[in-house]
2 protein chains.
Amino acid sequence: MALSKKPVTGMRDILPEEMQIRDYVIGVIKDTYRRYGFASIETPCVENIANLTNKQGGDNEKLIFKILKRGEKLKIAEAATEEEVVDGGLRYDLTVPLVRYYSNNAAQLPSPFKALQIGNVWRADRPQRGRFRQFTQCDIDIFGEASNLAEIELILATTTTLGKLGFQGFEIRINDRQLLKAMAAGSGFTERDFDSVFITLDKMDKIGMDGVKAELLENGFAVGTVDKYLELYSGLEQAEDGLQYVAERLAEVQAQEDQGAAAVEGLREIIGSVEAAKTADFRMVFDPTLVRGMSYYTGPIFEIAIPGFGGSCGGGGRYDKMVGKFTGKDVPACGFSIGFERIVLLLTESGFRVPDAPKRTAYLVEKGVEGQAMADVIAKAQAAREAGEQVLVVRMNKNKKFQKEQLTAEGYEEFVEFYREALKN
Amino acid sequence: MALSKKPVTGMRDILPEEMQIRDYVIGVIKDTYRRYGFASIETPCVENIANLTNKQGGDNEKLIFKILKRGEKLKIAEAATEEEVVDGGLRYDLTVPLVRYYSNNAAQLPSPFKALQIGNVWRADRPQRGRFRQFTQCDIDIFGEASNLAEIELILATTTTLGKLGFQGFEIRINDRQLLKAMAAGSGFTERDFDSVFITLDKMDKIGMDGVKAELLENGFAVGTVDKYLELYSGLEQAEDGLQYVAERLAEVQAQEDQGAAAVEGLREIIGSVEAAKTADFRMVFDPTLVRGMSYYTGPIFEIAIPGFGGSCGGGGRYDKMVGKFTGKDVPACGFSIGFERIVLLLTESGFRVPDAPKRTAYLVEKGVEGQAMADVIAKAQAAREAGEQVLVVRMNKNKKFQKEQLTAEGYEEFVEFYREALKN
C-alpha cells in the first residue's frame, strides 16, 4: 500500500518561502530579547498528563493530544476509560511547562529568572482556515520580580521586537485583574459571579454596551447592579483620564478603595515608564474592558492590538499563584506571549522580504562536466561561499531559459555557466 | 494534590547555559547550509501512524510514542488492540516526514530540492545516561540530483559547518551499498543473506577480523564463502589504495564487475572532489566495513568520525527508492544527518564559549527608586540595548556582594548602581 502524502489532519507542512520569514522573525526575537537579559530555555513537548489536566488551561484541556502508555503498563483489552491507557500529552501552551521547569530547576537558575521559550504547542481544535493543530508560541517570562519592573521590561522588550519587525502605530492595551474585581465588587457583584461577569464584559468591543447589558440581565444579575456597573463603563468612555476616573469612583466605595487604588497607581507607573522609555512607535492604552481568558492572572494584564488586524497579536500578565501549585510556595511571575503565527501571517501577507539576504548565484554545469573539471567548479563555489555568498551548483537543463526563470523566482540573481569544452582548456 | 515538577520519564529540561550553545550551533548550521542553497523547511511532529510503521525505520518503529484517537473515533471499552485506539505518532526521525513532505509538495518545490530540517524527534528507548527520549536532529537532503554532485555538496556543506564550529582532524568515512553487495556476492553470499552479513561486518571495529569470522560461521555460512570474504577484507587492510584493490579483485569476478566498478569510480570522484574543494581540516577515508544500519540506502553511505569520540557524529547516504513508496515514482535522494546532540555535548564538555557575545551590564536599582526615577533608569537601559548591549535591570539585594558574584557567574561584566538619593538631584 502506498503511504499517505498528506500531513495529519489539521497540521501542515511549512514551505521554504514562509520558513525564511519564520527564521528571520525568530532571529530578531532572540537577538532583541537577549539584550533585555532573557535566556533561552527548552522544555519537553510531552508533559505528564496530570500536569496538563489540572484546571490551569481552561478549555485547552479539552483539546489535548494524549500519548498512549507503552509496554507492560498498557492493558488495552482491560481498559474502560482513557485515563487507564494514557500517561502523557502534548503541551497545549508554554506556560504550564515553564512553571514546572522553574519549579524543578529553581536552585540552578538566577533570581530574578528571565526566560525566553520558543516552541510548538498542540491543540486538537476543529480544523478551520488559518488555525492549525500544531503552531509555534513565543513567550517571555520573569520569575521572582514582585514589582512592576517586570511588566515594564516585558512590555518594552516585546514592543521593541515588534518595532524591529517593522510594526508601527500599534497599541498595548492594559488593565489589572484587581481593578476588574474592585469595579465589579463596587457595583455589587459577588466574588463567585466575577468569572461569568468578565466573560460578558470581554465581549464589549463586539456587542457594545447594550449587548453587554442584555447578556448580564439574561444571566440573571440584578438590574440595579448591572446598571451601576455599566454606568461606570459609560463614564469611563467619556472620561479624559480613565485611570483618574476609576480612582475617584472607587474612592466612593469604601470597601474597594485600597485594592483599586493600588492597581490604578501600578498601571499609571507602568504606562508612564513604558511611554518614557519606548523605542517603537506605539501607544499604551488603559482598557477597562480587557479581561484575558485565563483565570490564573492575579494583577496587570495586557494585549497587543495591531491596527487593521482583528483580535490580539499577543498578550500576557501577572500570575503570582502558579508556582505554588507545583512547590507549595508562591513566587511572583509575569509573562508576555507574542502572537508568533499571526505576526508571520501579517508579514507574509504584506509581501515582507527578509532584509540583508546574501547574494545568490547559481552555477549551471553542463552534463559531462565530471571528475577534475567538476572538482574545479565546486572549489570555485566553495570560495564564493566562504566570502558569504549563497551559491547553488546544479546541472544545466536542456531548457536553460526555463531553468533560469525558475531559479530567478527562487531569488537567484546571477548565473554562471560551465561548459565541458571550455573547461578542457 | 501538588503537580509533578519532574519532566516525563526520559526527557529533560534544557538549562540556559546549554541553550546558549544550542542556539549558537543552530545559527552556524543555518548560516552555513544556506550558503550551499539549502532551504529551511518544517514538518509536523505528528505523523499518521501508518507512515511511521511501514518498515522504513527498522527498530525505531518499536519505540514510537503513539497518540490516542479523539472524540467519537475513540472506543476504549470495546478496543482489544493498540491499533484500534491510535491514529498518529511522534516522528522517530526526520527522513520519513521529509520524504512525505517532498511527495506532498513537489509541485511547489524547486528541482533539485535542497532541504534543511532541524527538529525534535522522539524514541521511547530505555532511559539511560546521555540518551534521551526527545532529542534534536539536523538533516540536509537533496532530491532530484542523480549524480554524485549531491554527495559532494552534502559532505562539503556538513564538513564546512563542523569546521566553523571548531572541529579539526576528523574523518568522513565513506563506502557504497553497491560495493558492499558486490563484495558479498563476489565471495559467494546470496542476496537474501546480505542484511545478516552486513550486521556482522558492521562490528569489525569492535570485534575485529576473528570476531567477524566467528560470528559469520556461527550464523551458518559456509567456511569457503566466509574465508573468501574475509581474505578480501584483510587484503584491503594491507592495500595502499583500497579502492584500486577492490576494483581489481572485483574484476576477477565477472558477474560483479560492472556494479562494483561503477561504485568504485563514484567513490573515487566523490573523494577527489571533496579533497580538492574542502575548507575544513578533515580527511576522506574509504571504509569498506562501513554499513550504516538503515536498509533503505541504495548507493554511497558516509559517516563522521571525530577523534577521541567513540561512535559516529552523524552520517547519511543515498536512498533513491523511498519517494516511490509515497508516489509510486522513484526520485533520486541523498541526505546527511549531523549528530546535533553529540556535537553540543562535545562542545559543552570542552568548555566551549559562544564567541562574539554582546557586552553584559547589570543595573542594580535600590529599593525605593520608583516612578519617574525608575523610568529614567529604564530609559538609560533602553539606549544601551539599542546600541547592542545586553542590559539586565534588577533590584539591588541587601547582600549586594553576593548578588554581584551571582551575576558575574551569569556572565555580567559591568555593574551600574542606582540609588534613591542620588537620583533625586
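Readers should treat all values here as calculations from the given coordinates under stated rules, not as data from a laboratory. From a predicted model like this one, the values you see are computed outputs, not experimental measurements. Note that we place each Cβ from the backbone using ideal geometry, even for glycine, and neighbour counts take in every protein chain shown.
So here's what we get for this one:
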| item | result |
| --- | --- |
| Debye intensity ratio I(q)/I(0), log10, the protein assembly as shown, q values 0.10 Å⁻¹ (C-alpha model) | -1.17 |
| 7 Å along Cα→Cβ, label-point gaps from A:Ala239 to other copies, nm, shortest first | 8.8 |
| Residue of B:Tyr245, B:Tyr101, B:Tyr363 that the Gaussian network model of chain B assigns the largest fluctuation, springs spanning Cα pairs under 10 Å | B:Tyr363 |
| Per-residue HN-Hα couplings for the stretch B:64-73 [Karplus 6.51, -1.76, 1.60; θ = phi - 60°; Hz; x = Gly/Pro] | 6, 7, 9, 10, 5, 4, 10, x, 5, 5 |
| Principal axis dimensions, largest first and in whole angstrom, of chain A by Cα | 96, 63, 46 |
| Largest-first principal axis extents, alpha carbons of the stretch A:360-424, Å | 31, 30, 13 |
| The stretch A:303-370, Rg to Rh (Cα coordinates; Rh as Kirkwood inverse mean 1/r) | 1.38 |
| Three-way shape call for the stretch A:47-122 based on the alpha-carbon gyration tensor, with the a/c threshold at 1.5 | prolate |
| Among A:182-192, B:315-325, the order from most to least packed when residues are scored by Cβ within 10 Å on average | B:315-325, A:182-192 |
| Residue with peak Gaussian network fluctuation, chain B [Cα springs, cutoff 10 Å], from B:Lys359, B:Lys164, B:Lys69 | B:Lys359 |
| Whole-angstrom gap from the stretch B:268-314 to the stretch B:22-82, using each part's C-alpha centre | 27 Å |
| Chain A - mean residue ellipticity at 222 nm from DSSP helices (-39,500 (n - 2.57) per run, n ≥ 4, rounded to 500) | -13000 deg cm²/dmol |
| Ascending list, in nanometres, of distances separating the A:Gln372 label from those of the other copies (7 Å, Cα toward Cβ) | 8.1 |
| Using alpha-carbon coordinates, inclination of helix A:177-187 to the longest axis of chain A, degrees | 30 degrees |
| Crossing angle, helix B:204-218 versus chain B [Cα axis fit, 0-90 degrees, rounded to tens] | 40 degrees |
| Isotropic mean projected area of the C-alpha convex hull, the stretch A:183-228 (nm²) | 2.8 nm² |
| For B:Tyr363, distant residues with modelled amide H under 5 Å away | B:Leu392, B:Val393, B:Val394, B:Val416 |
| Cross-link table A:Lys75/B:Lys66; A:Lys73/B:Lys73; B:Lys30/B:Lys66; A:Lys321/B:Lys401; A:Lys181/A:Lys228, entries beyond 20 Å C-alpha to C-alpha | A:Lys73/B:Lys73; B:Lys30/B:Lys66; A:Lys321/B:Lys401 |
| Tilt relative to chain B, helix B:371-386 - C-alpha long axis, 0 to 90 degrees, to 10 | 30 degrees |
| Relative contact order (%) - criterion: Cα under 8 Å, at least six apart; region: chain A | 17 percent |
| Per-residue average of Cβ from other chains inside 10 Å of A:14-21 | 5 |
| Between the stretch A:368-425 and the stretch B:315-350, the Cα center-to-center distance that results, in Å | 24 Å |
| Separation in nanometres of the label points that stand 7 Å from Cα toward Cβ, at A:Asp195 and B:Lys401 | 5.1 nm |
| Residue among B:Asp93, B:Asp195, B:Asp13 with the largest mean-square fluctuation in a Gaussian network model of chain B, springs linking Cα atoms under 10 Å | B:Asp13 |
| Residue mean of other protein chain beta carbons inside 10 Å, B:377-390 | 4 |
| Per residue convex hull volume, Cα atoms of the stretch B:180-277, in Å³ | 106 Å³ |
| Overall form of the stretch B:28-173 per C-alpha gyration tensor (a/c, 1.5; a/b vs b/c) | prolate |
| Label distances, nm, A:Lys62 versus same residue in remaining copies, Cβ-directed 7 Å point | 4.1 |
| Inter-chain shielding of A:366-374 (mean C-beta neighbours from other protein chains, 10 Å cut-off) | 3 |
